[in-house]
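Computed from the coordinates by the stated procedures, all read-outs in this text should not be read as laboratory data. Keep in mind the model is a prediction, meaning the values are calculated, not measured. In this analysis, Cβ positions are derived from the backbone assuming ideal geometry, glycine residues included, and neighbour counts consider all displayed protein chains.
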Amino acid sequence: MSTVATKAFVMNSFPWKERHRLLHLLTPDLGLITALAPASERMRSEIRGATQLFSLSEFVLTVRQSRYSVRSASVIESFIEIAEDLDRLTAASHAAEVFTDVARHDEPNRALFELWAYSIYEISVSEYPVFVARMATFRLMVEIGLTPCLDSCVRCHGHVDEPFRFSFLEGGLLCGKEEFRKTQAEWTVLSHGTLALLRHIATSPYKKLFRFYASEEAQSEASDFADRWLEERMEKRYNRLALLEQNPTFSFS
């Protein structure tokens, strides 16, 4: 049996037998791991606070036959604002599901850990947490190589002018050449503001990722684009954000 110390975000948490929990931890060097948090549900547990959902904590883990167990843990940041607001909680849950899906099937990736760190912080403080979550998952698609062609025609790599036609089937913008128009099956027209926003999200360094101004129209168009791009590329339907659409006036008392 060995021990390892690591920072980790609690991406998900499940009850396990009496008073225990199983945690999905996103770490910078180990990737996504599952760890047992023994007796963490007890009110007097020393690790209770550090194992709360979405917390960033410093963990000391014991490792035995590739199985992890929490020996000790201390909170670095609890992001308590998320637990107190339905929009933030739903946004964080949606983003966490996507990041977990990617991390589960990918090699350990420090960039993924860093992107999540910037994203969960912004979700906890932004006036528009759901929009931030959608943009974070769009950037995640870019990070794993599922990048739409937003700078030139996906077919001929030539210049594109307004109206900006985007083909989800082909994964990029289409120019206005007549022979291309004849063979187009479907396209979505993106406004100049929406395209500029998507380009920013796809290319900006993490420190500037959520530093932008976007009109309500651009936010709405970019949200629809990000949702469709995510679900078609991941081949999965993500339903958590539907909670807000079904209960738009719900709030914590």
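When the GluC sites (Glu not before Pro) in region 17-67 are filtered for DSSP coil states and for at most 14 other beta-carbon atoms within 10 Å of their beta-carbon, the remaining sites are GLU18, GLU46.
The label-point distance for GLU58 and GLU231, in a model that sets each label 7 Å from Cα toward Cβ, rounds to 4.3 nm. Take the Cα radius of gyration of region 2-78 and divide it by 2.2 N^0.38 Å, N being the number of residues; the result is 0.95.
Counting other C-beta atoms within 10 Å, and keeping those with at most 14, which DSSP coil trypsin sites (Lys or Arg not before Pro) do you find in region 139-172?
none
Take each peptide in 98-110, 192-204, 122-134, count the other Cβ atoms within 10 Å of every residue, and average; sorted highest first, the result is 122-134, 192-204, 98-110.
3J(HN,Hα) along region 209-226, derived from phi through the Karplus expression 6.51 cos²θ - 1.76 cosθ + 1.60 where θ = phi - 60°, amounts to 4, 9, 9, 7, 10, 9, 5, 4, 5, 5, 4, 5, 5, 5, 5, 4, 4, 5 Hz, with x in place of Gly and Pro. Other residues with beta-carbon under 15 Å from the beta-carbon of HIS105 carry, at +1 per Lys or Arg and -1 per Asp or Glu, a net charge of -3.
Once the gyration tensor of the Cα atoms in region 66-162 is diagonalised, the equivalent ellipsoid follows with semi-axes of 31, 20, 10 Å, ordered largest first. Could you compute the net charge surrounding VAL70? Neighbours are other residues with a C-beta less than 12 Å from the C-beta of VAL70; K and R count +1, D and E count -1. Here the count lands on +2. Over region 111-152, the reciprocal of the mean inverse Cα-Cα separation, the Kirkwood hydrodynamic radius, stands at 10.9 Å. Other residues lying with their Cβ under 14 Å from the Cβ of GLU114 contribute a combined charge of +2, Lys and Arg counting +1, Asp and Glu -1.
Neighbour counting of Cβ atoms within 10 Å sorts the residues THR137, THR188, THR27, fewest neighbours leading, into THR188, THR27, THR137. On full extension, the segment bounded by GLU186 and LYS7 gains 59.9 nm, given 0.36 nm per residue less the C-alpha separation. Each Lys and Arg adds +1 at its Cβ and each Asp and Glu adds -1 at its Cβ; summed about the Cα centre, the chain shows a dipole of about 1040 debye.
Along the axis of the charge dipole computed for the chain (Cβ charges of +1 for Lys and Arg, -1 for Asp and Glu, origin at the Cα centre), the listed residues LEU198, PHE210, GLY176 are led at the positive end by PHE210.
Our summary gives the chain a relative contact order of 14 percent, counting only alpha carbon pairs under 8 angstrom and 6 or more residues apart. Pairs of Cα atoms in the chain fall into 5 Å distance bins, from 0 up to the last occupied one, in shares of 1, 6, 13, 15, 16, 15, 11, 8, 6, 4, 3, 1, 1, 0, 0 percent. With the helix formula -39500 (n - 2.57) applied to DSSP H stretches of n ≥ 4, the chain reaches a computed 222 nm mean residue ellipticity of -12000 deg cm²/dmol. Near the amide H of ASN109, within less than 5 Å, lie the amide hydrogens of GLY31, all on another chain or at least 5 residues away, with H placed in the peptide plane. By the Kirkwood approach, averaging reciprocal distances over each pair of separate Cα atoms, region 192-234 gets a hydrodynamic radius of 10.9 Å.
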